[in-house]
Amino acid sequence: MSVLAAPVASSRRVDRLGVLIALVAILGAILPFALFRANRIVPGEGGGIAAALPPAEAALLGLALLCFLAAAVLRVPAAVKLAAGAALLALACLLVGRSAGFLTPPGNSFARVAPGSGFWTLSFAALLLAADALVRLRLPPLGRVAVLVLALALLGLLLWSGAWDGLSLLKEYGTRTERFWAEGRRHVALAFGSVAAACLLGLPLGLLCHRVGRLRAGVLSVLNILQTVPSIALFGLLIGPLAWVAANVPGARALGISGIGAAPAFVALVGYSLLPIVSNTVVGLAGVSRSVVEAARGMGMRRSQRLFRVELPLAAPVVLTGIRIVLVQNIGIATVAALIGGGGFGVFVFQGVGQTAMDLVLLGAAPTVLLAFTAAVLLDAAVEALSGSNRRKAER
Amino acid sequence: MIRVENLTKRYGDSPPVVDDLSMEVAAGEICAVVGTSGSGKTTLLRMINRLVEPSAGRVLIAGENTRGLRGHELRRRIGYVIQGHGLFPHWSVAQNIGTVPRLLGWKPAEIKARVDELLGLFGMEPAAFRDRRPAELSGGQQQRVGVARALAARPDLLLMDEPFGALDPVIRGRAQDELAAVQARLGTTIMLVTHDMEEAVRLGHRIAVMDGGRLLQCASPAEMMARPATPFVEALVGGAERPFRLLSLERVEAAVEAGEADGPPIDAEASLRDALSACLWSGRDALPVEREGRRIGRVTLAALRHRAAPGGAGRAA
Amino acid sequence: MRLLGAAWRIALLLGLGVFLARPDLFAPIFAPLTRFDAPAIYDGTSLLSLTLNHLALTFAATLAASALALGLAVLVTRPAGAEFLPFSRALANAGQTFPPVAVLALTVPLLGFGAAPTFLALFLYGLLPVFENALAGLSGVSPGVSEAARGSGMTGLQRLRLVELPLAAPVILAGIRLSAIVSLGTATVGSTVAAKTLGEVVIAGLLSGNTAFVLQGGLIVAALAILINDAFLWVEGRLRARLAS
């Protein structure tokens, strides 16, 4: 607190964004750090940092918080800010696991300890500072991927080490480990599979729209309308036709097609993916400069050679941007598939909502967000690397 | 009219963009500021209407220190024209021209009258152009509307930053003549930044040459060609082109002498450069000179040769 | 072509209106989709009131989200807020990776069940498209035009009001359109946390295996989405035409 109260001679030495982040962190320090509940569905009671942790560890977290506030508010190098953010995040994560052992009476297996709003706010502040520092460091694509891999490895280590085993989230996980991984595979298959299928359909369709001008407006407006139909409604609407297919087309049932379940969800996800992929393919191909195509013709390339050696590589960053949008979007929408029996992490979300068990909701939501975020960072890096290499080639 | 004293602009620790520059432009004069890119000429211009705040020094307009005014109030009193016109695409021609009067709170009727007056001044039929959008105009028309907008609130001072840079050569020449005519009529003081020496000689009553943030020389075109202050200025005013540029500054009437000559006559209003060209092309040593159809004498090759050299007669530098 | 497009939209609007006013007229159409003599038309709550509720929730959330996102975008494009720009962009980008359902489910503990968590989720999720587009629109004003605006002696506020916002309007409106369409869809999912929206009809159908319910809920939302999308596109087109011609 003293950091904020100290009068600062020149506003140049204060990082205004840092002040905002520091305020968020202070809010996090005031809100309950951990929630204790007598069983998994009753409302919890919160405890601040001092109440939720043994004195020594609470003091350690307090000290880390002070360092964090200083690093946030003052104009220090971005690497220092990154270190401060990462350190507070790591410490908060470790200690929230410790609070579970501290708060749970020995031998009580019904009691649940969950991270409280204070923990989330504090982590959010730490992530904000780290993210701001990463933005300022302007890492190259490969560097960003390295940071992501490192962060994921640390998260994996935290979970594997058992430091969080006392927390309610992992207790929920512990009682449905197999189901978790099965739904996870389902989710990944739905999201990635639908994007792959949409690419197989959408890229040729985009190419066709690029070549045949008359098709373009029609195809794009139909896909546009498809895009506006809400996911839940589209899932529902596909139940009827697919049930009919399953009943009347020989062999369809053997392929796993049925009215409810994964099939309508998969078809709907493919439908949603088509618009961004097709339109980005069209835009990307249209963006290849005429002179480049003319030069390729002039050098005697055949139509297919021009397409594969010149036009597609140059359009690739834009096409990939479309795929990124679709992948992130489908990872999110795939949660809704659970409503029609399509499985995926949404199963836990909707179960959790039904039972008002927020830990269960989190068990479904957290991996989904993590998956979407990872996909976004990886594909962003790929887009940047690709457009960067195009530019470098152009400069040669 | 405008007086710049020890004006300096520096960004951080790098060398100053404009370095301790002092100059003066008299009322009713066109001063062309010439320099290569990076010479600081645009920064100088932008410090005068305080789009850029000076690091040191001051600017006096009609004796008044511009520091005492708020930036946007100062800019409403100074016309400003930029390369590529910068017209507001969502406004009609009339709305564009009326921008500053509206900011100043003129009455709508006054604004409308002023817009029509300016359109007329630039040879654009008000009824036909008033309601068009900038995108519906040709490049030359857009440029004229840009200048008309800058003149709308009757500023005493007009700043122009490469105003004709986006135009093709033919239209550029016409736009330059038009600007010279409008300026002669309104008596507006103009400071014009350009990298084109031809344009500076054509329009400037005085030329200021800048390099590396410093003012190398500020003089009339004739003096600058006759006595360049530094090798850089000499290179800029163009070694081989110099005699022709000198000739282009004066009209035939300045070199008329009594006597007869054969062949088609030349108009007294034409430039000496045109006269030289006619002599060389038709292989004559002298041309008859006419004014409004009446013969008033002749101009000789010898006189032209004399005037094409530095310190030529009649040019008290 | 254009006449045909307008005609089928008017037909869609009329059809929707009649269906909402007198759903019983359409019972024979939906009856074959039901089993075991289940009702053909959802009768838990009137379809009209659900639709109005759905629209009101979407409208309120989109309005609030647009106002805040536009304000933020204006703030970070001013000189005073410029240092927040790269960060806010990264934050908005990361925020996009949160699935709407997760946002919805996780706001329940804060606000309980019903319209409140749905409103919050719609609001939070609606911020991003408007913010992104407003940012693109405001920073996309050509340098020549903003230089001319400054040179004419406009104050910062006048530049924003007279030049930047009008020029960015079509792009901002496209963002609001995206936000509204996403909200419309997410409001459907809001029924899983007991919000009174059209999702109630779909979910009732899914739970009781009554395809007729799923179909009518889905069709109403789809029709609303198409009509709202088109209305926005029409206004956007008008705005763009004003800027271009």
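Readers should treat all values here as calculations from the given coordinates under stated rules, not as data from a laboratory. These figures come from a predicted structure and were not determined experimentally. Every residue, glycine among them, receives a Cβ derived from its backbone with ideal geometry; neighbour counts consider all protein chains shown.
What residues qualify as long-range amide H neighbours of B:ARG214, i.e. H under 5 Å apart, gap of 5 or more or another chain, H built at 1.01 Å from N?
Here the answer is B:ASP19, since their amide H atoms fall under 5 Å of that of B:ARG214.
Between B:ARG214 and C:LEU207, with labels modelled 7 Å along Cα→Cβ, what's the label distance in nm to one decimal, could you check?
Each label point is offset 7 Å from its Cα along the Cβ direction, giving 8.6 nm.
If the reach is capped at under 16 angstrom between alpha carbons, list the aspartates and glutamates near B:LYS41, excluding any in the same chain fewer than eight residues apart.
Cross-link targets: B:GLU5, B:ASP19, B:ASP20, B:GLU24, B:GLU53, B:ASP161, B:GLU162, B:ASP196, B:GLU199, B:ASP211.
With r defined as the distance between the Cβ atoms of C:PHE59 and A:LEU370 and R0 fixed at 41 Å, what FRET efficiency is calculated, to the nearest 0.05?
The calculated FRET efficiency here is 0.80.
Can you divide the C-alpha Rg of segment A:27-104 by 2.2 N^0.38 Å and report the result to two decimal places?
1.24
Looking only at other chains, what is the average number of their beta-carbon atoms within 10 angstrom of each beta-carbon in B:86-98?
Other-chain Cβ atoms within 10 Å of each residue's Cβ, averaged: 4.
For chain A, take the longest principal axis of its alpha carbons; what is the angle in degrees between that and the long axis of helix A:78-103, to the nearest 10 within 0 to 90?
60
Could you tell me, in Å, what Rg and Dmax come out for the Cα atoms of chain A?
25.6, 81
At a threshold of 8 angstrom on Cα-Cα distance, excluding pairs fewer than six apart, so keeping six or more, what relative contact order does segment C:113-245 reach in percent?
Result for segment C:113-245 is 29 percent.
Would you mind pulling out the separation of the Cα centroids of segment C:95-138 and segment B:129-187, in Å?
That distance is 50 Å.
Please give the Cα centre distance for segment A:14-73 versus segment B:24-91, rounded to the nearest Å.
When both Cα centres are located, 54 Å separates them.
On the Cα set of chain B, report Rg and Dmax in Å, please.
Values for chain B (Cα only, Rg and Dmax): 21.7, 67 Å.
Give me the one-decimal nm value for the distance between modelled label points at C:ASP24 and C:LEU110, 7 Å along each residue's Cα-to-Cβ direction.
Modelled inter-label distance: 4.4 nm.
Considering the dipole of segment A:2-161 built from charges on the beta carbon (Lys and Arg +1, Asp and Glu -1) around the Cα centre, which of A:ALA72, A:LEU60, A:VAL96 is farthest to its positive end?
The residue sitting farthest along the positive end of the dipole is A:ALA72.
Summarise the partner chain shielding of A:329-336 as one whole number: the mean count of Cβ atoms from other chains within 10 Å of each residue's Cβ.
For this peptide, the per-residue mean of nearby foreign Cβ atoms is 5.
Cα convex hull of segment B:122-275: how many Å³ per residue?
Per-residue hull volume (Cα only) is 168 Å³.
Say the dipole of segment B:244-307 comes from +1 at the beta carbon of Lys and Arg and -1 at that of Asp and Glu; which of B:THR300, B:SER248, B:ALA286 then lies farthest toward its positive end?
B:SER248
Roughly what percent of Cα-Cα pairs across segment A:177-395 reach past 28 Å?
Summing the P(r) tail past 28 Å for segment A:177-395 gives 39 percent.
Can you work out the PRE-style zone for C:PHE36? Point 7 Å along Cα to Cβ, and I want the residues of segment A:226-247 with backbone N under 19 Å.
A:240
State, to one decimal in nm, how far the label point of A:LEU139 lies from the label point of A:TRP181, with both points 7 Å from Cα in the Cβ direction.
2.9
Output ³J(HN,Hα) for segment A:231-238: one whole-Hz value per residue in order, computed from phi by the Karplus curve 6.51 cos²θ - 1.76 cosθ + 1.60 with θ = phi - 60°, and x for Gly and Pro.
Along segment A:231-238, the couplings run 4, 4, 5, 5, 4, x, 5, 7 Hz.
With +1 assigned to the C-beta of every Lys and Arg and -1 to the C-beta of every Asp and Glu, and no other charges, what is the dipole magnitude of segment C:77-169 about the Cα centre in debye, to the nearest 20?
Roughly 160 debye, rounded to the nearest 20.
Could you list A:PHE68, C:PHE119, B:PHE244 so that the one with the fewest beta carbons within 10 Å of its beta carbon is first and the one with the most is last?
Exposure proxy ranking, most exposed first: B:PHE244, C:PHE119, A:PHE68.
Could you derive backbone 3J(HN,Hα) for segment A:18-31 from the dihedral phi with the Karplus parameters 6.51, -1.76 and 1.60 (θ = phi - 60°), listing whole Hz in sequence and x where the residue is Gly or Pro?
x, 4, 4, 5, 4, 5, 4, 5, 5, 4, x, 6, 7, 5
Could you size up the charge dipole of chain A around its Cα centre, putting +1 on the beta carbon of Lys and Arg and -1 on that of Asp and Glu, and report it in debye to the nearest 20?
It works out to roughly 1520 debye.
At a Förster radius of 25 Å, what calculated FRET efficiency corresponds to the Cβ-Cβ distance of A:VAL188 and A:TRP160, to the nearest 0.05?
0.80
For chain C, evaluate the Debye formula with one uniform point scatterer on each Cα (no solvent term) and list log10 I(q)/I(0) at q = 0.10, 0.11, 0.17 Å⁻¹, rounded to two decimals.
Here the Debye-derived log intensity ratios amount to -0.59, -0.69, -1.21.
Among C:THR62, C:THR34, C:THR186, which comes first, second and so on when ranked by fewest other beta-carbon atoms within 10 Å?
C:THR34, C:THR62, C:THR186
Compute the length gained on full extension between B:ALA27 and B:LEU69: take 0.36 nm times their separation in residues and subtract their Cα-Cα distance, giving the result in nm to one decimal.
13.1 nm
Per residue, how big is the convex hull of the protein assembly as shown when only Cα atoms are used? Give it in Å³.
Dividing the Cα hull volume of the protein assembly as shown by its residue count gives 232 Å³.
Apply the Karplus curve 6.51 cos²θ - 1.76 cosθ + 1.60, θ = phi - 60°, to the phi angles in segment A:347-359 and return the couplings in whole Hz, x for Gly and Pro.
3, 5, 4, 6, 4, x, 4, x, 9, 6, 9, 5, 5
Using modelled backbone amide H atoms (1.01 Å from N, in-plane), which distant-in-sequence or interchain residues come within less than 5 Å of B:GLY165's amide H?
For B:GLY165, the qualifying residues are B:GLY84.
Using alpha-carbon pairs under 8 Å, 6+ residues apart, how would you state the relative contact order of segment A:2-161 in percent?
About 32 percent, as a whole number.
Among all the aspartates and glutamates, which ones have a C-alpha under 19 Å from A:LYS171's C-alpha, if same-chain residues fewer than 8 places away are not counted?
Straight-distance partners of A:LYS171: A:GLU45, A:GLU183, A:ASP359.
Can you compute the label reach from B:GLU53? Point 7 Å from Cα along the Cβ direction, backbone N cut-off under 14 Å, restricted to segment B:1-31.
From segment B:1-31, the list is B:9-12.
So what is the relative contact order for segment B:2-237, in percent, with contacts set as C-alpha pairs under 8 Å and at least six apart?
After rounding, I find 29 percent.
Please work out the FRET efficiency for the pair A:PHE308 and C:ARG89, using the Cβ-Cβ distance as r and a Förster radius of 45 Å; give the result to the nearest 0.05.
The computed FRET efficiency comes out at 0.85.
Assign unit charges at the C-beta atoms only (+1 for Lys and Arg, -1 for Asp and Glu), then state the dipole size of segment C:42-244 relative to its Cα centre in Debye, rounded to the nearest 20.
Roughly 500 debye, rounded to the nearest 20.
For the charge dipole of segment A:297-385, defined by +1 on Lys and Arg C-beta atoms and -1 on Asp and Glu C-beta atoms about the Cα centroid, which residue among A:THR335, A:MET358, A:MET299 has the Cα displaced farthest towards the positive pole?
A:MET299
How big is segment B:244-307 on each of its three principal axes, counting only the C-alpha atoms and giving the largest first in Å?
Result for segment B:244-307: principal-axis Cα extents of 28, 22, 17 Å.
Test of understanding: ordering B:HIS85, B:HIS306, C:HIS54 by Cβ neighbours within 10 Å, fewest first, what list do you get?
Least to most surrounded, the residues fall as B:HIS306, B:HIS85, C:HIS54.
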